[in-house]
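Undergrad: To start, I am sharing the structure in question, which I have written as structure tokens.
Each value in this text was obtained by applying a stated rule to the coordinates, not by laboratory testing. Being a predicted model, the structure only gives us computed values, none of them experimental. With ideal geometry, Cβ positions are generated from the backbone for all residues, glycine too; neighbour counts draw on all protein chains shown.
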């Protein structure tokens, strides 16, 4: 099977540049199964899907065909009934020896049957065949939760109220509890028990509040997304906005960019695929900040930005590093790079060192620079990048022989390399059209 | 044109990186070459025979651009001269350096040609160093140890004979050209 096109009875699903499913507003990933088939059990005219990644979200079951980066999404709203996973017991053990691993006749694979109702009014039975090693029970539990939660019905403006009555309920229960004597050892034990129980109840209340908080957070992010879109349309239509206005708009945009991710990939939802999926999500996320930073960003900056956008479910530095190193194995337009000084950066694959060198060279030959040289902050300002990165570029250019360093009490500066222009046999004369001559006339003024 | 005394300084003497030891190999090689030549030229023109690292040497700093060589840089450049045979450390601590802006061999040739051109046969050491005959020539003010080494080389070739006079100051040379 070369793509997910065969299952045309299912709505298609969009996929990002890195091959992750595009989620709609409010849609959150819940679990992942690395390799499944989808088999229609009753209707032979429905095409099957083979060898897909299955992403369970709050709204859909997304079948992602990784190599062709195509996908189909089965809305959870169409699931009438989900049967618990079971293994088909084969009467002929020999058959399983001869069948291929993706064949559904193998008795080893779990099948999750779903009764679905496709529009206009067609009832079908399909089976998800889990052909990989996975915790199918956990997946099924999440599936049921998601179906029950009916997240697709919740309108964005509604404020969900959860957990309000529970605290009320706790107090009467305590009143009803038989009061035991509070003297002696039994009294002490009894008090311990009571405080432990009330702490447990408090915790439960807190978690209810946390659920309420999480849904509020989701609302905030949706609001932020709305504002961001509004900003984008505004800035493209306005042709004569002044600099100040653009500046504050830019700040706004930065703020909103930092709360861009609604559905973080977590160890919980992705299990064994954690690093792989994280790596792809990171590649998607980092594209826009990279573009704005001119194609290169320090890894520490990416770490901060990415975690800020995730909100909760923060990732550790090790996770980030591992996610970046996985990029070598997939076809994404970004890469991790380590400079001689040890500084690690993320850069777009199309980033060209040569281009940066050309810009640095021309900067170093301006009259000011010929006289006083350039510092890392001068370069940062002109190139529009962070000072730490600017210094890396300057050192790189020095290594290539384009620049020379000047170390003095004034600090660390770089000059265009004139050593190559000086004729050691003829130190008092120079080519009247050369760089050395220019420096003598302009730089020594 | 900038001068140090009556010595004409080249334009790159005002290039700040010239005074910072360059880390990149190719650039460093070029820098070392320029410093070696400059040191020899300067010493030759000013007839300076030794450089002490513990004293200020005018060539090693440029007040106009407020830059001077670090101790490490001075050592590197002088050591390069030593490797080439154009200088010698006078002490184990590498604090004083003898600059041979002419090699001993070259000095020997210079002396022999000088005595030939002037028809001289016998001279005292002092006469060679500060006498009327050598005034205005490169031999004027030659470092004593350098002169002695050149003469001994000539001696080995049978072109001169050193003899002692009545006192230590009266050492003399007889040339046989």
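Undergrad: Rounded to whole Å and sorted largest first, what semi-axes of the equivalent ellipsoid does the C-alpha gyration tensor of chain B yield via the square root of 5 times each eigenvalue?
TA: Over the Cα atoms of chain B, the ellipsoid semi-axes are 36, 17, 14 Å.
Undergrad: Additional query: Given N residues in region B:104-175, what is its alpha carbon radius of gyration divided by 2.2 N^0.38 Å? Display every interim value, and only then the final one.
TA: Details: Rg = 11.0 Å, N = 72, 2.2 N^0.38 = 11.2 Å.
Ratio of Cα Rg to 2.2 N^0.38 Å: 0.98.
Undergrad: Sticking with this structure for a sec: At each listed q (0.16 Å⁻¹), what is the log10 of I(q)/I(0) that the Debye formula gives for region A:4-153 modelled as equal alpha-carbon point scatterers?
TA: -0.86
Undergrad: Within the P(r) computed for region A:357-444, what percentage of the Cα pairs occupies the region above 21 Å?
TA: Numbers: 1125 of 3828 pairs.
The share of Cα pairs beyond 21 Å in region A:357-444 comes to 29 percent.
Undergrad: Given 5 Å bins starting at zero, what is the percent of C-alpha pairs of region A:267-348 in each, up to the one with the largest pair distance?
TA: In whole percents, the pair-distance histogram is 3, 15, 28, 28, 18, 7, 2, 0.
Undergrad: Evaluate peptide A:406-414: per residue, the Cβ atoms of other protein chains within 10 Å of its Cβ; return the mean as an integer. Could you put the intermediate results ahead of the total?
TA: Numbers: counts 9, 7, 7, 2, 3, 0, 1, 3, 1.
Per-residue shielding by partner chains comes out at 4.
Undergrad: Within a 10 angstrom radius of the beta carbon, how do A:404, A:132, B:97, A:304 rank from fewest other beta carbons to most?
TA: Numbers: A:404 28, A:132 16, B:97 25, A:304 12.
In order of increasing Cβ crowding within 10 Å: A:304, A:132, B:97, A:404.
Undergrad: Here's another thing I want to ask about it. Relative to the longest principal Cα axis of chain B, at what angle does helix B:25-46 sit, 0 to 90 degrees, rounded to 10?
TA: 40 degrees
Undergrad: Using Cα atoms only, what is the angle between the long axis of helix B:71-83 and the major principal axis of chain B, expressed in degrees (0 to 90) to the nearest 10?
TA: Taking Cα atoms only, the helix is inclined about 40 degrees.
Undergrad: In vacuum, with every alpha carbon of region B:3-99 counted as one equal point scatterer, what does the Debye formula give for log10 I(q)/I(0) at q = 0.11, 0.22 Å⁻¹? Two decimals, please.
TA: Taking Cα atoms of region B:3-99 as identical point scatterers yields -0.29, -1.29.
Undergrad: Expressed as an acute angle from 0 to 90° and rounded to the nearest 10, what is the orientation of the C-alpha long axis of helix B:144-156 relative to the principal long axis of chain B?
TA: Helix B:144-156 and the main axis of chain B meet at about 50 degrees.
Undergrad: Averaging over all projection directions, find the projected area of the Cα convex hull of region A:23-86 and quote it in nm² with one decimal place. Mind dumping the intermediate values first?
TA: Working: hull surface 21.0 nm².
Spelled out: convex hull of the Cα atoms, projected over all directions, averaged, 5.2 nm².
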